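Here's the structure we're looking at; comments come further down.
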Amino acid sequence: MRFAWKAGLLAMGALVGATLPAARAADVRVSIDAGKPGPVIHRNVYGQFAEHLGTGIYEGMWVGPDSKIPNVRGWRKDVVGALKALHVPLVRWPGGCFADEYHWREGIGPRARRPVKVNTHWGGVAENNAVGTHEFFDLVEQLGAEAYVNGNLGTGSAQEMAEWLEYMTAEGNSTLAQLRRKNGRDKPFKVSYFAVGNEAWGCGGNMTPEYYVNQYRQVATFLKTPENNRPKFIASGGNANDTRWTEVLSTQNLKFNFDAIGHHYYVFPSGQWEGKGPAAGFAEAQWISLLSYTQDFEKTVAANIAVLDKNDPQKRLGLYLDEWGSWYDPEPGTNPGFLVQRNTLRDAVLAALHFHMFHAHADRVHMTNIAQMVNVLQAMIHTDKTRMVLTPTYHAFALYTPFQDATSLPVALSGNPEYALGGKSMPAVSASAARGKDGRLYLALVNVNPREAQTVTVALQGAAAKRAVGQVLSADAMDSENTFAKPDVVAPKAYEAQVRDGALSLPLPPKSIVVVALD
Ligand code: AHR
């Protein structure tokens, strides 16, 4: 059963609160100041990424209009339905590394006549261009999401990007606008974000930031759209702990068509690209190492924001984390170029820790994209022919939907014990709070300790609450997962806690996420 953040939500089943551990003397105290609203958490912080990679698009979402799998104009009904329920606000497409080899003209017009290419980055498989510009916009419009289009700087040109933007956005009678109409689309498409290349430091061309910045300066000069359909323009930024790309990009006086820097950060259990570690069947040492690398991401985000605060004190530029998530060793028996990985409770907890960080930096971080939406890396959904299963990461995203466009609130924790193992250590509880668009106060809590429960006592300033009502996500094992045979092993359960003896105490099971409205 899926949960809706509405009054009457408790109709979904028995409350788990009754079975949770009793409050202990040494509670963690979470203080929320509802009278000091912070920046709005942009809904696009919950953005997604769909690349032409493995079965992320083909099979996973696109089956074509002639498929026996129920579809709307080629897009799977079950998958689109599940993503719609998640309120996916934004989709980035067509890559990733793929973007710098993608030529948009090959993806328009009758599908049977589109060229078949080799997807050289991802598995060397045939790319038949069945999903092109019109199909992508059909997907985002079915989802009710915004579109983030990634331009090709690597093997493309300023002209190719400028013409793609004209094709998508022109209103008049230019040849490209007419071509779009001939291909079935009268109204311009709405492009919310447009990036000039991807990972220019790596697969996008192995450039230095100094070289890229000049490329960007030149290309951006020619990227023109009608004023009412101007996307936010994104420069490809740094990777992992790097701050140099942010430094160079924000000091080169890029005034024209420059709204944000796209920074990428993946986490691996081993902390290393080679021998990343398994997605499931891991020891607790790999649980804590992955989650503590997630925590290190916070330092990188803060360091890049410090660079921006120095070079852009007016806060004109955004820091977009347009690729993030867990990355494991290839799943045995799969094409290593397809980036297939299992998804467990650890991934859900990891996602929740990322959300808290994004909320804490909402004034600069206006958009992020988890990698990726379906079947690839830390996916929301896995498919196998006609079947579909929702991953623990899907449920983490679902729990946090009230935070989309909510107003962040300051949160302070005290008495928070350290969770430590084998030289790694991190605070056991992470918290984030916001005033939702519906006016309710929301609190999200994560207990990263897989062995010990915690109890959180809420201290509210500027508001009052008698109960906490929402959902909890946990499971028996650190690597519990949902499979086609057992799809509900990791699924949210209803949660409620009441004020007792003047205190609102929330028990947190080991390795759990709790998201509640405070009423
Ligand atoms: O998400 C998979 C790949 O990771 C993307 O194509 C690339 O940008 C990054 O290196």
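The values are calculated or read from the model by the stated rules, or taken from the named source; none is laboratory data. None of these values were measured; they are calculated from a predicted model. Quick reminder, even Gly has a Cβ in these numbers, built from the backbone with ideal geometry, and neighbours come from all protein chains shown. Surface areas here come from the heavy atoms of the whole protein model, side chains and all, with no ligands, DNA or RNA. Shrake-Rupley method; radii C 1.70, N 1.55, O 1.52, S 1.80 Å.
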List the strands (runs of 3 or more DSSP E) inside the range 26-103, counting only whole elements, that have at least 3 residues being more than 16 Å from the ligand (Cβ to nearest atom) and modelled with pLDDT of 95 or more.
28-33
How many residues are in contact (Cβ under 8 Å) with a residue 24 or more places away in the chain, open to solvent by less than 40 Å² (accessible area, probe 1.4 Å) and over 30 Å from V248 (Cα atoms) when one looks only at the range 161-179?
4
Output the residues belonging to the range 278-288 that are open to solvent by less than 10 Å² (accessible area, probe 1.4 Å), more than 16 Å from the ligand (Cβ to nearest atom) and either in contact with a helix residue (DSSP H, G or I) (Cβ under 9 Å, 6 or more places away or on another chain) or not aliphatic (A, V, I, L, M) (or both).
W287
Regarding T407, is this residue farther than 30 Å from G262 by Cα and touching a residue at least 40 places away in the same chain (Cβ under 8 Å)?
no
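Matching residues to (1) under 22 Å from C97 (Cβ atoms); (2) away from the ligand (no atom under 16 Å from the Cβ); (3) among the charged types (D, E, K, R); (4) touching a Cys at 6+ places or on another chain (Cβ under 7 Å):
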{"residue": "E141", "(1), (2), (3), (4)": "no, yes, yes, no"}
{"residue": "M161", "(1), (2), (3), (4)": "yes, yes, no, no"}
{"residue": "L165", "(1), (2), (3), (4)": "yes, yes, no, no"}
{"residue": "F189", "(1), (2), (3), (4)": "no, yes, no, no"}
Contact list please: Cβ distance under 6 Å, first residue in the range 338-358 and more than 11 Å from G325 (Cα to Cα), second residue open to solvent by 10 Å² or more (accessible area, probe 1.4 Å) and assigned to a helix (DSSP H, G or I), pairs at least six apart or on different chains.
M357/E298
Qualifying position, being over 30 Å from L308 (Cα atoms) and touching a strand residue (DSSP E or B) at 6+ places or on another chain (Cβ under 9 Å), among A433, A420, A362:
A420
Of (1) free of Cβ contacts under 8 Å to residues at least 60 places away in the same chain; (2) surrounded by fewer than 24 Cβ atoms within 10 Å (Cβ to Cβ); (3) assigned to a helix (DSSP H, G or I), G333 satisfies every one except (3)
In the range 346-375, which residues are within 16 Å of the ligand (Cβ to nearest atom), in contact with a helix residue (DSSP H, G or I) (Cβ under 6 Å, 6 or more places away or on another chain) and part of a helix (DSSP H, G or I)?
D347, L350, A351
Taking into account only those residues within the range 291-304 that are in contact with a strand residue (DSSP E or B) (Cβ under 6 Å, 6 or more places away or on another chain) and not polar (S, T, N, Q), which is farthest from H359 (Cα to Cα)?
Y293
Residue count, the range 120-144 (criterion: open to solvent by 10 Å² or more (accessible area, probe 1.4 Å) and closer than 15 Å to L83 by Cα):
5
Report yes if A220 is within 16 Å of the ligand (Cβ to nearest atom) and of a type outside the set (K, R), otherwise no.
no
Can you tell me which residue among S430, S505, S425 is surrounded by fewer than 16 Cβ atoms within 10 Å (Cβ to Cβ), part of a strand (DSSP E or B) and of a type outside the set (A, V, I, L, M, F, W, C)?
S425
Please work out which one of (1) modelled with pLDDT of 95 or more; (2) within 16 Å of the ligand (Cβ to nearest atom); (3) farther than 16 Å from D322 by Cβ is the condition Q272 fails and give its number.
(1)
Yes or no: Y442 assigned to a strand (DSSP E or B), under 20 Å from S31 (Cα atoms), hydroxyl-bearing (S, T, Y) and out of contact with any Lys or Arg (no Cβ under 6 Å at 6 or more places or on another chain)?
yes
Residues of the range 246-291 being within 25 Å of N198 (Cβ to Cβ), free of Cβ contacts under 8 Å to residues at least 40 places away in the same chain and outside any loop (DSSP other than H, G, I, E, B), which ones?
V248
Check the range 196-215 and report whether any residue there is free of Cβ contacts under 8 Å to residues at least 12 places away in the same chain, within 16 Å of the ligand (Cβ to nearest atom) and crowded, with 19+ Cβ neighbours inside 10 Å.
yes
Out of the residues in the range 421-443 that are over 21 Å from A497 (Cβ atoms) and touching a residue at least 40 places away in the same chain (Cβ under 8 Å), which is farthest from the chain's Cα centre (by Cα)?
G422
Output the number of the condition that D384 fails; it satisfies all remaining conditions of (1) among the charged types (D, E, K, R); (2) open to solvent by 20 Å² or more (accessible area, probe 1.4 Å); (3) over 16 Å from T55 (Cα atoms).
(3)
Would you check which residues across the range 454-478 are touching a residue at least 60 places away in the same chain (Cβ under 8 Å) and surrounded by fewer than 19 Cβ atoms within 10 Å (Cβ to Cβ) and list them?
T457, A459, Q461, G462, A463, A477
Pick from the range 226-259, criterion small (G, A, S) and within 16 Å of the ligand (Cβ to nearest atom), ranking: most open to solvent (accessible area, probe 1.4 Å)
A240
Which pairs do you get when a residue that is under 21 Å from F338 (Cβ atoms) and hydrophobic (A, V, I, L, M, F, W, C), found in the range 94-114, comes within reach of a residue that is open to solvent by 20 Å² or more (accessible area, probe 1.4 Å) and within 16 Å of the ligand (Cβ to nearest atom), reach meaning Cβ atoms under 7 angstrom, with the pair 6+ apart or on two chains?
C97/H121; C97/E199; C97/C203; F98/H121; F98/W122
